[in-house]
There are 2 protein chains.
Amino acid sequence: MTTIIAVDTLIFMFNTEDGMILEKKKAFNEFAQSKGLRSTRQRDIILDIFLSTHQHVSVEDLYLKVKASHPGIGYATVYRTLKLFSEAGLAREILLHDGQTRYEHVLAGEHHDHLVCTGCNAIIEFEDETIEKLQDEIAARHGFLIRRHKLELYGLCARCRNIG
Amino acid sequence: MTTIIAVDTLIFMFNTEDGMILEKKKAFNEFAQSKGLRSTRQRDIILDIFLSTHQHVSVEDLYLKVKASHPGIGYATVYRTLKLFSEAGLAREILLHDGQTRYEHVLAGEHHDHLVCTGCNAIIEFEDETIEKLQDEIAARHGFLIRRHKLELYGLCARCRNIG
DNA sequence: AGTAATGTGAAATTGAATATCAAAAGCAGA
DNA sequence: TCTGCTTTTGATATTCAATTTCACATTACT
Ligand SMILES: [Mn+2]
Ligand SMILES: [Mn+2]
Ligand SMILES: [Zn+2]
Ligand SMILES: [Zn+2]
């Protein structure tokens, strides 16, 4: 009986946003433990606030958001903590054309690339398995071992095409 | 007779590196004229030296190369002149992961993407028509009009895989 | 509590891109 | 060739995000 309830709860957890959040908190705690990092109030707060965001946030973006409720937390801490999140595998650094590093959530095992509207800065995510395969073939042809790639399509979104 | 010789010479010219160089010098002169730019000793020198390079050069790279034979020429001039080359269509700016802008030669109508070795910084150029088509399809599916794209594959080249 | 190691926040530094500005050079006419 | 106007140059300053520094605070552990 107890066991069945536990399993149900677990499945439910991982299928909701709250579940994702718990999952990521756990992932970060495990990472911190494995690296011998100490647990601090600041990291907890920054993690909570990062997990509450839904877009691609810059350090500055997140810093301002954090400062709103916790004015004592400094820019450097937010900066360092976002780097940690990315090392821990729960965030990914992305560098688009505007020269500002942004962080986005990484969902376990998921990968995507970006369509960027240069008119309104909208970012659309996409995946294309065929392109990924072709990339591997190109790499293989040149004896390369690919670690990561960057594919960004810049242009105007439907709305900006009409307005512009 | 004269005409035939001229045609032969022209064909020959465009099939050699010297021909490319002449072609690009002409292209830049035409651009300069159309923009009302003045002809200067510095621009001639910088163009010559840029055309003599074969890799993807940063402003700093080219500046050092220029300074070696012409110590009087300043960084700002090299910087501005490379921008001009790119406006004139004979160079292209590329921004790889290391956050340093580089310039490469643009061959008429040609496009390519880059395979970058993070071990030795080697850069290999490639083209893949299928990938380009798939990109267009993705864009169309989202109502986007693509202006440019960036596709970079980062990893280790054959040599660095063995050494590393 | 005591101690050593780690984390924090304000400020400083870095590094590349770009702007500024006085002096030098190019250019069209006289 | 000289003149006067405009552009270009070169040294330097500025900008701006990323990153480092360091004195002080906090944590983990005994
Ligand atoms: Mn994304
Ligand atoms: Mn190239
Ligand atoms: Zn748009
Ligand atoms: Zn290599």
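The values are calculated or read from the model by the stated rules, or taken from the named source; none is laboratory data. The structure presented is a predicted model; accordingly, all values stated were derived computationally and were not measured. Note that each Cβ is placed from the backbone with ideal geometry, even for glycine, and that neighbours are counted across all protein chains shown. The protein model used for the area step is the full one, side chains on, heavy atoms only, and it has no ligands, DNA or RNA in it. Shrake-Rupley method; radii C 1.70, N 1.55, O 1.52, S 1.80 Å.
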Using only atoms on other chains, find how many Cβ atoms lie within 10 Å of each Cβ of peptide A:128-135 and report the average. 4
Cβ-defined net charge surrounding residue B:87, 14 Å radius [Lys, Arg +1; Asp, Glu -1]: +4
Over the Cα atoms of the range A:26-80, how large are the radius of gyration and the largest Cα-Cα distance (Dmax), in Å? 11.5, 31
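Counting helices only, and only those DSSP H runs with n ≥ 4, report the 222 nm mean residue ellipticity of the protein assembly as shown as the sum of -39,500 (n - 2.57) divided by its residues, in deg cm²/dmol to the nearest 500. Intermediate values should be presented prior to the final figure.
Values: 14 runs with 176 residues, N = 328.
My calculation for the protein assembly as shown gives -17000 deg cm²/dmol from helical runs alone.
For the protein assembly as shown, compute Rg over Rh where Rg is the Cα radius of gyration and Rh is the Kirkwood radius from the inverse mean 1/r over Cα pairs. List each step's numbers first, then the result.
Working: Rg = 25.4 Å, Rh = 23.8 Å.
Taking Rg over the Kirkwood Rh, I get 1.06.
Mind checking how much accessible area B and A bury in total, 1.4 Å probe, in Å² rounded to 100?
Values: alone 11370 and 11370 Å², together 19660 Å².
Using a 1.4 Å probe, the pair buries roughly 3100 Å².
Would you please give the FRET efficiency between residue B:38 and residue B:125, computed as 1/(1 + (r/R0)^6) with r the Cβ-Cβ distance and R0 = 45 Å, to the nearest 0.05? All intermediate terms of the calculation are to be shown ahead of the outcome.
Values: r = 34 Å, r/R0 = 0.76.
Computed FRET efficiency for residue B:38 and residue B:125 comes out at 0.85.
About the Cα centre of the protein assembly as shown, what is the dipole size in debye to 20, counting +1 per Lys and Arg Cβ and -1 per Asp and Glu Cβ, all else neutral?
Details: 40 positive and 46 negative charges, 293 e Å.
The dipole magnitude comes to about 1400 debye.
Using the crude model of +1 on Lys and Arg Cβ and -1 on Asp and Glu Cβ, and no other charge, please compute the dipole size for chain A relative to its Cα centre, in debye to 20. Numbers along the way, then the final one.
Details: 20 positive and 23 negative charges, 151 e Å.
Charge dipole, chain A, about its Cα centre: 720 debye, nearest 20.
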If you find the alpha carbon centre of the range A:77-126 and of the range B:95-164, how far apart are they in angstrom? 19
Using Cβ-Cβ distances only, list the Cys residues of chain B with no partner cysteine under 4.7 Å, sorted by number. B:120, B:160
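What area, in nm² and to one decimal, does the C-alpha convex hull of the range B:95-147 cast on average over all directions? Numbers along the way, then the final one.
On the way: hull surface 20.0 nm².
Result: a mean projected hull area of 5.0 nm².
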Within the range B:123-161, whose backbone N sits under 14 Å from a point 7 Å along Cα→Cβ of residue B:61? B:123-125
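Looking at chain A, what % of its DSSP beta bridges pair antiparallel, to the nearest 5?
On the way: 11 of 15 bridges.
Restricted to chain A, the bridges split so that about 75 percent are antiparallel.
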Note: residue A:148 to residue A:94 extended length (0.36 nm per residue) minus current alpha-carbon separation gives 18.3 nm
Coordinate range along principal axes, alpha carbons of chain A, Å, largest first: 51, 42, 35
Which distances, in nm and shortest first, link the residue A:163 label point to the same label point in every other copy, taking 7 Å along Cα→Cβ? 4.9
Partner shielding of B:117-126, as the mean number of partner chain Cβ atoms within 10 Å, equals 2
